[in-house]
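Asks: Encoded as structure tokens, here's the structure I'll be asking about.
The values are calculated or read from the model by the stated rules, or taken from the named source; none is laboratory data. Bear in mind the structure is a predicted one, so any value in this text is a computation, not a measurement. Here Cβ is always computed from backbone atoms with ideal geometry, including for glycine, and neighbour counts include all displayed protein chains. Please note that ligands, DNA and RNA were not included when accessible areas were found on the heavy atoms of the full protein model with its side chains. Shrake-Rupley method; radii C 1.70, N 1.55, O 1.52, S 1.80 Å.
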Amino acid sequence: MAITLHQNGAKGERRKLPHTTLQRLLSWGLPVPCSRFLQRQPRTFPGAAFLLGASSGGLLAMGLFQLLVNPMDIYEGQKMVALYGMVGLGAVGWGTSPHIRCASLLLVPKMLGKEGRLFVLGYALAAIYEGPVANLRYNLNEVVVSLGCTVELQVNNTRAAWRVSTAPLRAVFKDLLGSKDSLRAGTQNISKSFEELDAQVKSDAGFVPEDASGSDPTARRGPSQGAFPPRRRALSTQKMYELKTKLRCSYVVDQAIASCRRWFDRKHQQCLQRIWVPLLRDLLCLPMKFKFFCSIAKAMEVWCRHRIPVEGNFGQTYDSLNQSVHDLDGDFSATIELKEEKRAALVGADTSWEHVSTELRGYVRQQEARLQWALGLLHVLFSCTFLLVLHACFSYMDSYNRDIRFDNIYISTYFCQIDERRKQLGKRTLLPLRKAEEKTVIFPWSPSVQASEMRNLVRELVETVPVLLLLLLLCGLDWALYSMFDTIRHHSFLQYSFRSSHKLEVKVGGRSMLARLLRKTIGALNTSSETVMESNNMPCLPQPLSLDAWAYVRAALPIGLLLCLCLLQAFAYRLRRVIAAFYFPKREKQRVLFLYNELLRKRAAFTQLRRAAILRQAREQKAPRPRLTDVLHRRCPLARRWLRRRCVVCQAPETPAAYVCPTPDCAAVYCRPCWDDVRRRCPACTPREELSSSAYSDSNDDATYAE
């Protein structure tokens with residue numbers, strides 16, 4: 001049976017609006033004129049309504065300007081244009097249109113919902129940046145500065161140690177420059193002594209035989225006599241000396257072979273002279289003709305080619321010495337040149353410590369600038385999301401007036417009044433609702449989160465988890481880095497102590513020319529010095545900064561507010577219907593009547609509408625439970641509370657008063673209220689045509705919770 005609206009009374013008499021809880025509160029808390037003004041009929045008191053609406057809209061626009069536009073980094077002129085525009089639109093809208101007033105008030109529950117969490121998320125990210133992220137950046141900068149300071153300290157200490165250690169050497173060279181006249185006379189004697197070595201290196205003796213008669217005159221000539229081709233005459237001293245040595249070695253081998261052959265010939269002649277028996281003489285003297293054994297000495301030529309006893313740097317040393325000896329004839333002078341050679345670990349990479357420190361500082365500043373830019377952009381985007389919030393408010397209001405099923409799941413005061421009136425008339429009522437019906441509606445005055453709201457609440461809490469994990473990760477990383485840097489600061493103190501004590505005394509005996517030269521040169525090393533240099537790395541140690549408890553609390557407060565908004569969203573969203581019902585009371589009455597009629601039709605066809613879900617639950621109950629579940633159910637009394645079967649209608653746990661279907665292969669469990677609701681007939685095992693029928697059997701267009 002559907003409920004319809006009727007209008008009784010004389011012509012022109014106005015029907016009273018539903019007496020809702022909000023109307024009661026307004027009548028109780030406000031003076032009578034104010035209460036009548038707020039509950040007035042449309043198009044009454046137009047002047048007062050426009051003035052009050054315009055002033056309220058202007059104040060609301062100014063508050064939104066301070067909250068959204070003023071923190072933005074834009075020009076002051078642009079801010080003033082935005083302020084005048086927002087105040088003008090707010091005043092005109094609030095003064096003329098109830099729809100704009102309704103949408104504006106809907107901002108309150110929307111800001112307490114997921115739209116408001118976007119703003120809180122922006123503040124949460126800003127708090128995280130100003131807390132753990134800023135402290136991380138500061139500590140990393142401290143490490144970079146400490147690294148650069150340490151490198152500079154090492155360089156300074158090395159430079160000072162080098163200067164101290166080379167001071168005696170510089171003093172020696174100064175003494176040598178002072179005694180250049182005596183050194184020149186000594187070097188002339190050295191030049192004369194070097195002539196013997198020079199003649200020996202340039203000599204061709206050793207591979208040109210003195211008795212070369214009977215042989216090719218060019219076969220054994222030395223390098224200076226045309227024994228080598230013209231292309232080999234430009235060889236270096238090292239190559240030339242090695243070639244001469246090889247020729248000398250080959251000549252020695254040839255001489256050895258020739259000497260061996262002569263020895264065999266001599267022994268053969270002696271053997272023939274000693275043994276006079278003809279045949280026996282030939283047999284016994286035959287081994288003396290084995291001169292081919294002498295060719296074994298040719299194996300030494302391999303050694304001559306590959307293992308000649310000439311040092312690899314002989315030629316270079318000789319040339320340097322020869323040049324030095326010739327240079328000694330000139331003026332004696334000396335200069336000290338220090339050359340710093342930098343070697344990179346990678347080819348083409350400059351890995352000096354100063355370059356690394358500069359690069360690291362620049363990289364940190366670049367990342368910091370990018371993060372600042374991203375945060376500014378994020379703040380602007382969060383400010384612009386207010387337009388989305390305003391659009392959501394108008395969308396809710398339009399859907400409320402256009403779609404009668406939209407967010408029509410509240411058991412309001414007027415709903416209870418209708419049910420009470422029907423009860424007094426002896427008609428079929430709905431309250432109290434059945435357990436299965438309670439999951440599809442919301443009781444606005446209930447202090448608990450209900451089933452329709454719980455799904456939204458869980459999803460919003462899950463969406464908050466990444467931000468919470470980010471906060472925990474950054475706080476943990478900040479604490480770990482601070483602990484590490486603080487440990488380094490306390491246990492990395494170094495005291496540099498450089499002590500240099502130099503005392504050298506060289507005594508050269510003898511009266512030879514070399515002894516006199518050494519006394520003039522090495523004798524200059526007779527110096528002594530003592531230097532003490534001390535420093536430490538205390539100025540270069542990192543000075544990390546730790547966040548106090550209040551800083552962590554400031555970073556965690558927005559996250560806590562996000563979690564609170566997730567919990568408050570269920571209760572704040574109930575205000576949307578209240579606000580819309582206040583501005584559109586006739587529409588609210590139509591919606592409540594529709595919801596009541598809808599629930600009446602669903603209850604009439606309750607069994608058929610729930611039959612598919614009941615069959616599914618019954619099949620799950622008939623399925624054999626895992627062996628572990630049965631063991632826990634039998635032997636663990638504490639676990640039975642969670643392992644009990646549930647009602648196939650409302651999913652309530654099985655109790656001793658529950659009804660179990662006696663039909664074989666069914667055994668569906670029903671709680672007593674649900675068993676009464678299905679009229680004591682099991683829908684799981686009763687044919688569909690035997691169940692009670694109803695004209696209403698389509699539940700695809702049920703009212704749902706508006707997110």
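Asks: Please list the radius of gyration and Dmax for segment 543-614, considering alpha-carbon atoms only, with Å as the unit.
Replies: 23.9, 77
Asks: Using a simple spin-label model with points 7 Å from Cα along the Cα→Cβ vector, what separation in nm is obtained for residue 439 and residue 666?
Replies: 2.1 nm
Asks: Go from 0 up to the bin containing the longest alpha carbon distance in segment 396-507, width 5 Å each, and give me the % of pairs per bin.
Replies: Bin by bin from 0 Å, the calculated values are 2, 8, 8, 10, 9, 8, 6, 5, 5, 5, 4, 4, 4, 4, 3, 3, 2, 2, 2, 2, 2, 1, 1, 1, 0, 0, 0, 0.
Asks: Apply the Karplus parameterisation 6.51 cos²θ - 1.76 cosθ + 1.60, with θ equal to phi minus 60°, to every residue of segment 578-589 and state each ³J(HN,Hα) to the nearest whole Hz, in sequence, with x for glycine and proline.
Replies: Each residue of segment 578-589 in turn: 5, 5, 5, 5, 5, 8, 10, x, 5, 5, 5, 5 Hz.
Asks: Using modelled amide H (1.01 Å from N, peptide plane; none on Pro or chain starts), what sits under 5 Å from the amide H of residue 410, excluding residues fewer than 5 places away?
Replies: 442
Asks: Taking amide H positions as placed in the peptide plane 1.01 Å from N, state which residues far from residue 667 in sequence (5 or more) or on other chains have amide H under 5 Å from it.
Replies: Hits under the 5 Å cutoff: 661.
Asks: Moving to a separate point now. Please arrange 591, 159, 365, 434 by accessible surface area, largest first, computed with a 1.4 Å probe and ligands excluded. Working shown, then result.
Replies: Numbers: 591 5, 159 105, 365 150, 434 45 Å².
Listed by decreasing accessible area, they come as 365, 159, 434, 591.
Asks: Further question: Which of the pairs 423/589; 202/239; 246/298; 439/602; 435/586; 114/586 have their Cα atoms more than 21 Å apart in this structure?
Replies: Details: 423/589 19 Å; 202/239 13 Å; 246/298 13 Å; 439/602 14 Å; 435/586 30 Å; 114/586 29 Å.
Where the Cα-Cα span goes over 21 Å, the pairs concerned are 435/586; 114/586.
Asks: Just to be sure I follow: if Rg is taken over the C-alpha atoms of segment 83-132 and Rh is the Kirkwood radius over the same atoms, what is Rg/Rh? It would help to have the intermediate numbers written out before the result.
Replies: Numbers: Rg = 15.6 Å, Rh = 12.9 Å.
The Rg/Rh ratio comes out at 1.20.
Asks: Please report the accessible area of residue 655 (heavy atoms, 1.4 Å probe, ligands and nucleic acids excluded) in Å², nearest 10.
Replies: Roughly 70 Å² of residue 655 is accessible to a 1.4 Å probe.
Asks: Per residue of segment 264-272, in order, report the coupling 6.51 cos²θ - 1.76 cosθ + 1.60 (Karplus, θ = phi - 60°) as ³J(HN,Hα) in whole Hz, putting x for Gly and Pro.
Replies: 4, 5, 5, 5, 5, 5, 5, 5, 5
Asks: Additional query: Amide H neighbours of residue 536 under 5 Å, counting only residues 5+ apart in sequence or on other chains, H built in-plane at 1.01 Å?
Replies: For residue 536, the qualifying residues are 496.
Asks: Here is a follow-up. Over segment 372-460, what portion of Cα pair distances is larger than 21 Å, expressed as a whole percent?
Replies: On the way: 2242 of 3916 pairs.
Result: 57 percent of Cα pairs exceed 21 Å.
Asks: Also, I was wondering about something else. Work out, step by step, the length gained on full extension between residue 586 and residue 269: first 0.36 nm times the residue separation, then minus their alpha carbon distance; give nm to one decimal.
Replies: Values: separation 317, 0.36 × 317 = 114.12 nm, distance 15.30 nm.
Between residue 586 and residue 269, full extension yields 98.8 nm more.
Asks: Express in Å², to the nearest 10, the accessible area of residue 158 obtained by rolling a 1.4 Å probe over the protein heavy atoms while all chains stay in place.
Replies: Residue 158 has an accessible surface of roughly 90 Å² with all protein chains in place.
Asks: Using each residue's phi in segment 543-560, evaluate 6.51 cos²θ - 1.76 cosθ + 1.60 at θ = phi - 60° and report the 3J(HN,Hα) Karplus result to the nearest Hz, with x for Gly and Pro.
Replies: 10, x, 10, 9, 7, 7, 5, 5, 5, 5, 5, 4, 6, 8, 4, x, 5, x
Asks: Once you have the Cα-Cα distance between residue 423 and residue 370, take 0.36 nm times their residue separation minus that, and quote the gain in nm to one decimal. If you can, show how the numbers build up before the last one.
Replies: Details: separation 53, 0.36 × 53 = 19.08 nm, distance 6.85 nm.
Extra length available between residue 423 and residue 370 comes to 12.2 nm.
Asks: Please give the contour-minus-distance gain from residue 568 to residue 322: 0.36 nm per residue of separation, less the Cα-Cα distance, rounded to one decimal in nm.
Replies: Details: separation 246, 0.36 × 246 = 88.56 nm, distance 9.85 nm.
Computed gain between residue 568 and residue 322 is 78.7 nm.
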